[in-house]
Amino acid sequence: MKPAEQIWPAHLAERYRAAGYWRGETFSAFLRRNATNRPDTVAIVDGGRRWTYGELQRRAETHAAGFLELGLKPGERVLVQMGNVAEFFSTVFGLFRAGLVPVYALPAHRLTEVDHLARRSEAAAYIACDSYDGFDYRELARDLKAQVSTIRHVILSGEAREFICLEDCVAEPVDLPADPDPSSVAFMQISGGSTGLPKLIPRTHDDYIYSFRASNEICGVTQESVYLVALPAAHNFPMSSPGHMGTLYAGGRVVLTRAASPDIAFALIEREQVTITGLVPPLALLWLKASETNTADISSLEVLLVGGAKFLPEAARHVKPKLGCQLQQVFGMAEGLVNYTRLDDPDDTVVHTQGRPISPHDEVLVVDDGDQPVEDGSAGHLLTRGPYTIRAYHDDPAANARSFTMDGYYRTGDVVRKMPDSYLEVLGRAGDHINRAGEKISAEEVEDHLLAHPDVFDAAVVSVPDPALGERSCAFVLSKAETIKPSALKSWMRKRGIAAFKIPDQIVHLDRFETTAVGKISRKELRARLREQLLAND
Ligand code: J2J
């Protein structure tokens, strides 16, 4: 694994250290600090279970020893696919303590995605729950182990059957390795980009810890804070903006919920006196609606972060009056850059913008199609680099050539407008990608699945505005001979083992796709035209 110097040019790494952003801390070190200073403070709440910092640290250390005893070697990657359960935390802090590198899959991922992530990262092990949200991960584990030869161990929490049981994967924590180099890769996040399967995002201890330490300051997270993890814990937003990692860093309390519906979440807010949480816009809309009838006392809630997709001003302005808390819009990405509206911003800024960058060292460029800067206030493509934005995806030269400029800017794919005071307004995406309630779907990836059906001749997938989800997906399909029923096509896709959120919401059969005079059309152009036709007919 490359140290940060090879990821960031040496002079920039030096600058970020000198500015006090990269402090040479590791994940294990900050957990150890809190376990020493406040061993009896509750760190994690999962239903009736309450783990203190001392307990979390003990569990992490005994798992670390257990993982190493299996023969896993520091630096090796371990694919982790767990939901919002306490074991997610003992597992990942155990991996950090052993110098192993977690690769985060989402619970919604199925064999196709997990297989891809395991291969790309050359994962040596797979760790999951026996089942979660009605899905049995043991079957997925069986197929994965059979398909991906690098996976030597499968470790499952709960009823592990023929696999290693996570709860038994413990040993006396003697001879644990020294903490890894803080500038080395701590874990890999996954991208929600527009093309193909998810790409791997290598994040270092230094850069990631900086991002949530600074987020804590911006969002007011302290040891008194209680953060509700309402989105999947493995996603970058609830992990670091400021998320559960920010909260654990500050010594606060992390409360887990498997469901973010208001009836469950509101009761939990009241019971645990939750002070801060993060939601995607469709959930925020549900919470706003529920606040009119739900009688739970949610007055402990001080801050609601909303992001992952555009939160429209008309909804944003209702947050304070209806939920009684301060809204912070957050526009972030697993690759790095995160923008927040600030707690003391005027309401107008909070309602109408997606915030400004965390760091004075975040470099933001808004450019035209030819990479030339546009004037402030004009729409353009957002490029960025800085102390916590990656300079390359893991082992993916083709994607890197597309996604980064020669001087190291990340091409976010977002179209934004920058105000003179550095606040950004997100206007949309340049690429073909569907942002379905914050879940990013690549049109190309779904088209590829459709084309694999023996009766499908061609397919184009587009996004359609949706009042509840923000965007939903519509697939236009040309059949070879017999028209396949949409329901049959959907269940065939499901059987291929792909995440359910990628199955098209709507399938429209066409006889042919329009082409240009020479009989060809780019997929981008085709999708744009189909989308226009669909919207015109609505
Ligand atoms: C419009 N689009 C947004 C917003 C993200 C914090 C918050 C979100 C993410 C995230 C994250 C948006 N308005 N407020 O990692 O730390 C879209 C953009 C962006 C993409 C990134 C965090 N907030 N988006 O959503 O890696 O298109 O991260 O480029 O999943 O989501 O997606 P992702």
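Annotation for Arg161 and Thr405: the two label points, set 7 Å from Cα along the Cα-Cβ direction, are 5.1 nm apart.
Per the Debye formula with a single identical scatterer at each Cα and no solvent contribution, what log10 I(q)/I(0) holds for the range 209-262 at q = 0.16, 0.22, 0.23 Å⁻¹? Calculated log10 I(q)/I(0) at the listed q: -0.39, -0.71, -0.77.
Full extension of the chain between Arg342 and Arg496 gives 51.0 nm of extra length, using 0.36 nm per residue less the Cα-Cα distance.
Cβ crowding within 10 Å, taken as a proxy for footprinting-reagent exposure, orders Val456, Val306 from fewest neighbours to most as Val456, Val306.
Just so you know, the Rg over Rh for the range 26-128 is 1.00, from Cα atoms, with Rh as the Kirkwood radius. Cross-link check: pairs Lys73/Lys145; Lys289/Lys490; Lys199/Lys485; Lys440/Lys485 evaluated at a Cα-Cα cut-off of 23 Å; pairs beyond the cut-off: Lys289/Lys490; Lys199/Lys485; Lys440/Lys485. Mean projected area of the Cα convex hull of the range 133-219, taken over all directions, amounts to 9.9 nm². With contacts taken as Cα pairs under 8 Å and at least 6 residues apart, the range 51-108 reaches a relative contact order of 46 percent. Derived from the Cα gyration tensor, the three semi-axes of the equivalent ellipsoid of the range 171-294 are 29, 20, 14 Å, largest first.
Just check the range 414-490 against the gyration tensor rule for me: Cα atoms, a ≥ b ≥ c as the square roots of the eigenvalues, rounded for a/c under 1.5, and otherwise prolate or oblate depending on whether a/b exceeds b/c. The shape class here is prolate.
Taking a ≥ b ≥ c as the square roots of the eigenvalues of the Cα gyration tensor of the range 433-537, is the shape rounded (a/c under 1.5), prolate (a/b larger than b/c) or oblate? Taking the square roots of the gyration eigenvalues as a ≥ b ≥ c, the range 433-537 is oblate. Taken about its Cα centre, the chain carries a charge dipole of about 540 debye when Lys and Arg each add +1 at the Cβ and Asp and Glu each add -1 at the Cβ. Along the axis of the charge dipole computed for the range 369-421 (Cβ charges of +1 for Lys and Arg, -1 for Asp and Glu, origin at the Cα centre), the listed residues Tyr393, Ala379, Gly413 are led at the positive end by Tyr393. Here, the chain yields an orientationally averaged convex hull projection of 25.4 nm² when only Cα atoms define the hull. The stretch between Ser149 and Ser522 holds 130.5 nm of extra length on full extension. This uses 0.36 nm per residue minus the Cα-Cα distance. The charge dipole of the range 433-537, taken about its Cα centre with unit charges on the Cβ of Lys, Arg, Asp and Glu (plus for the first two, minus for the last two), comes to roughly 180 debye. Ordering Leu510, Leu268, Leu228 by the number of other Cβ atoms within 10 Å of each residue's own Cβ, fewest first, gives Leu510, Leu268, Leu228.
A short reminder: the numbers here are calculations on the coordinates, not readings from a lab. A quick note: this is a predicted structure, and the numbers were derived from the prediction, not measured. Ideal geometry is used to build each Cβ from the backbone, glycine not excepted, and the neighbour counts take in all protein chains shown.
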